[in-house]
1. Going toward the positive end of the dipole of chain A, with +1 on Lys and Arg Cβ and -1 on Asp and Glu Cβ, which of A:145, A:493, A:118 do you reach last?
2. Among the aspartates and glutamates, which fall within straight-line cross-link reach of residue A:526, defined as a Cα-Cα distance under 18 Å, with same-chain neighbours fewer than 8 residues apart omitted?
3. Where in region B:1-30 does accessible area fall by at least 50 Å² between the isolated chain and the complete protein assembly, at a 1.4 Å probe radius?
4. First select every other residue whose beta carbon is under 13 angstrom from the beta carbon of residue B:182; then total the charges, Lys and Arg +1, Asp and Glu -1.
5. Once the label point is placed 7 Å from Cα along Cβ, list for residue B:106 the distances to the corresponding points in the other copies, in nm, shortest first.
6. I'd like the interface area for chains A and B: accessible area of each alone minus the complex, both sides summed, 1.4 Å probe, protein heavy atoms only. What is it in Å² to the nearest 100?
7. Under the rule of at least 5 residues apart or a separate chain, name every residue whose amide H is placed under 5 Å from the amide H of residue B:94.
8. Determine the percent antiparallel among the DSSP beta bridges restricted to the protein assembly as shown, to the nearest 5.
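The values are calculated or read from the model by the stated rules, or taken from the named source; none is laboratory data. No experiment lies behind these values; they were computed from the predicted model shown. Note that we place each Cβ from the backbone using ideal geometry, even for glycine, and neighbour counts take in every protein chain shown. When the accessible area is computed, the model is the full protein with side chains, heavy atoms only, and any ligands, DNA or RNA have been set aside. Shrake-Rupley method; radii C 1.70, N 1.55, O 1.52, S 1.80 Å.
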Protein chains: 2
Amino acid sequence: MLSTMQDVPLLISRILSHGSALHGTSQVTTWAGEGEPHRRTFAEIGDRAAQLAHALRDDLGVTPGSVLGTLMWNNAEHVEAYFAIPSMGAVLHTLNLRLPAEQLAWIVNHAADRVVIANGSLLPLLAPLLPHLTSVEHVVVSGPGDRSLLAGVTPQVHEYEELLAGKPTTYDWPELDERSAAAMCYTSGTTGDPKGVVYSHRSIYLHSMQVNMAQSMGLTDQDTSLIVVPQFHVNAWGLPHATFMTGVNMLMPERFLQPGPLAEMIEKEQPTHAAAVPTIWQGLLAELGERPRDVGSLTQVTIGGSACPPALMEAFDKLDMRVCHAWGMTETSPLGTVARPPAHVIGTAQEFEYRLTQGRFPAGVEARLTGPAGERLPWDGESAGELEVRGPWIAGAYYGGEGAEPLRPADKFSEDGWLKTGDVGTITPDGYLTLTDRAKDVIKSGGEWISSVELENALMAHPDVAEAAVVAVPDDKWGERPLATVVLKGGATADFTVLRSFLADEGKIAKWQLPERWTIIESVPKTSVGKFDKKVLRRRYAAGELDVTRI
Amino acid sequence: MLSTMQDVPLLISRILSHGSALHGTSQVTTWAGEGEPHRRTFAEIGDRAAQLAHALRDDLGVTPGSVLGTLMWNNAEHVEAYFAIPSMGAVLHTLNLRLPAEQLAWIVNHAADRVVIANGSLLPLLAPLLPHLTSVEHVVVSGPGDRSLLAGVTPQVHEYEELLAGKPTTYDWPELDERSAAAMCYTSGTTGDPKGVVYSHRSIYLHSMQVNMAQSMGLTDQDTSLIVVPQFHVNAWGLPHATFMTGVNMLMPERFLQPGPLAEMIEKEQPTHAAAVPTIWQGLLAELGERPRDVGSLTQVTIGGSACPPALMEAFDKLDMRVCHAWGMTETSPLGTVARPPAHVIGTAQEFEYRLTQGRFPAGVEARLTGPAGERLPWDGESAGELEVRGPWIAGAYYGGEGAEPLRPADKFSEDGWLKTGDVGTITPDGYLTLTDRAKDVIKSGGEWISSVELENALMAHPDVAEAAVVAVPDDKWGERPLATVVLKGGATADFTVLRSFLADEGKIAKWQLPERWTIIESVPKTSVGKFDKKVLRRRYAAGELDVTRI
């Protein structure tokens, strides 16, 4: 039987039209450092998004399917680009301004960006890149910055405000296929080339509804959200779209991401909600310790990107800021889980335990755990496996480049189309995820998995150990076995037998999981973002550069 | 450019799988009158929905596309049918047990229901109908009731619990097209045959997300929702689907819809939310006045179906029950608007005014007002026009019957596919709807509209008037003009000139809107649900049966 429902596609232009008309007085406030914050209503954002679309189409020749890069901080103009570009049928490509220049150039060329909209303050980053960008025909500059840096470049240079001036404030947004591309974002993988994830209008619309559900972030037009997570980082966790859908005010920090300005904008603008990675909050806590301020408006804090240390969560509890964990990745739009504890533990000791998990999957995200031999593992809170997810806002492939087929590498997508997250963890019977490892850091020993993170945490609990990293090394009998690399504290003496006994004591680590291979190192090599760089250790081991003791 | 998102359809089976696994301990509690309420967890509902699907497929020969009627109260078994039937690819057809028998038979035959699942307590209604039902092959009976009423009927009779017993508790739900039919509901129009609205998996899934958004009902697994609005009334406003999606506990009143039992179940089961039409609440208020009870758990009350009188809203405010208006119809799934006031009026005198409107449209519902000449009217809070809506959970046609094309009558659907709601009202600039009339009751006079409801309310404010109904009658010069039909209070004497002056006084009614035609009647004819039956008055006028005075 046929349904008699209307066939209305889920489009970003509908979020734009709705927000700018029905929530026209809600505001996007952009922080301006010493100066007065810049305020723009949703109605004005709607007008200006239409003006931007006219300018892009009529002055810059942007057509449906064109890819446009943005090299911008979180601000009102970036929100305008967020809505104008997909609504007109083009593709918004947010560029991560923290990437090394070479990688950034590779990404712009791979996506074939025809236009780059950049903040003036980022021209020192963009200008030296331009000679290496093969597809960029236009650069549009917004906000303060030294334009002379662009003297003599090949692409045409435009001023954002000049482009908009005098353009009509309405636009006849096309009726698109909801599955067409709306936005893209590249993952900065530690190995191989970056991979492009292409979001559809449908995926962004559904994700926005999900963010707005009461059991998720659940904000309303009575809220103001301080969006610290960058707009170039998985669409700022979907917040600009979600907030526009329900009239939530946005507070945008622009380039003022240091603890001092953040504390100041919280005190002055009184957001009720904020979203950022843990390091931002560590800094903010320290700042508030040194210079106390009234941050009482901020009652809900969404933390993602990496796990929130329990001590940080407790410190925020003391400030009456309620931290809520969320987990996701570029490939999951990103909302994969939200750690709202189940009703039956509210007010009990278990509540905090649930808040420390990565959270519960919403209805739109199906999850399963896969063990070392590809077997499905139960949701018993104990069996650890690689997390695989499926859903309408989960990637099923990577962008293959202009005219090329999408990429479906077997280590990232299962044969039946699920995303292999590369994260290893457990799931409770009621669907709460706890991540323990990255799949590539797990030691596959005799058909079982050993968590490197668990061994590291246990080792670092010993008073003599400053740091410890555990990596998998090949083993003839077991396939892989753990190698413990240990950094001793000053004055401490190495005794691997003592450390091994320490791990075994009180059943902390199962006997078969205890490392036989041990070595002392000067320091654990780190990536650019401060994570243990285990591939360096594996390489040094393979090259015979480590002095390994077997016990 | 192609999106790289997974193509995962929005299916009711996904809501079922999610709710029964991740919110497995949430409960459906069915009231049982004097006996202990019956409790079933979402996990059990999931198991039993799978058992029901097996029974329907294997024992009753139900196939994808089969239509199954339910003649049931709100209870756990009805929830099981809600999920099992669409999830297996068949179509759930909820039957309105308040309809006249003839209309009910017409509806069952038109939808070609192959199976009817009925509560035992409703067999006195069903049994006499069966000889008139042409397509029903099986009757499944659930719960207490006199089975002997079915002796000798043609369809095969089954016991619900016997069918389920021993069946597997998992089912391999098919991967359906999200646009395929999931459920249907007939509107009980006052004119012509009932019209079938066929909901899709997509429309129900999206509607459920909308219900769960914080700015809508916004419930979580910490809530219990008392679902008084019948499951045969537009899917109980979408609550069974929405609550299962987020683990909200359901409290189901079964057939105990009288004020006494409702008050008792609120006191004993402590729901936090309830949904029903105003008359239910009027009765509950009176009951609480006579027999006070602790109903303090109930803080949020959704009222729809017809407007909530201001006095009722104030009475609930005094009980700390927050009434929230919602507007919708069978054709809108039904959530069309929700009256959460905008942030800027919270705590001001305007807040109550906003709460009395029908509410604000969510992002998924586009709205426009059409004037008498088909022109678009502005959202200025003053221009009254017929409301037309569009969106992914709004009907674009009616069911045409088996194998027939869908029906798109021109008075119900615009040429560009919008639903003409038949409701006349205004919309504020920030998107709040206030309904003033049914389109068919508006008087179209010289290209302008006159509100019959406004005239009636003004007339009934006169101390001599007991009731008044105003209807449109043909007029050579103006097209239509108002005819005022007045019921005088006992002892009062008719003086139309006085009444006309009363209307004109203090600018209550514009001069050109004042009726010239007046008549006294004994009483205003009413429909079965107590509404003014204006078509009777129009017919009596046309037949010359009314003694009309022109002034």
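1. About the Cα centre, the residue reaching furthest to the positive side is A:493.
2. Counting by Cα, and skipping residues close in sequence, residue A:526 has these aspartates and glutamates nearby: A:437, A:441, A:456, A:467, A:545.
3. Buried by the other chains: B:1, B:3, B:4, B:5, B:6, B:8, B:14, B:18, B:22.
4. Numbers: positive: B:14, B:179, B:202; negative: B:177, B:178.
Net local charge, residue B:182 excluded: +1.
5. When each copy's label point is compared with this one, the spacings are 7.0 nm.
6. Buried area between the two chains comes out at roughly 5600 Å².
7. B:70, B:184
8. Around 55 percent of the beta bridges assigned by DSSP in the protein assembly as shown are antiparallel ones.
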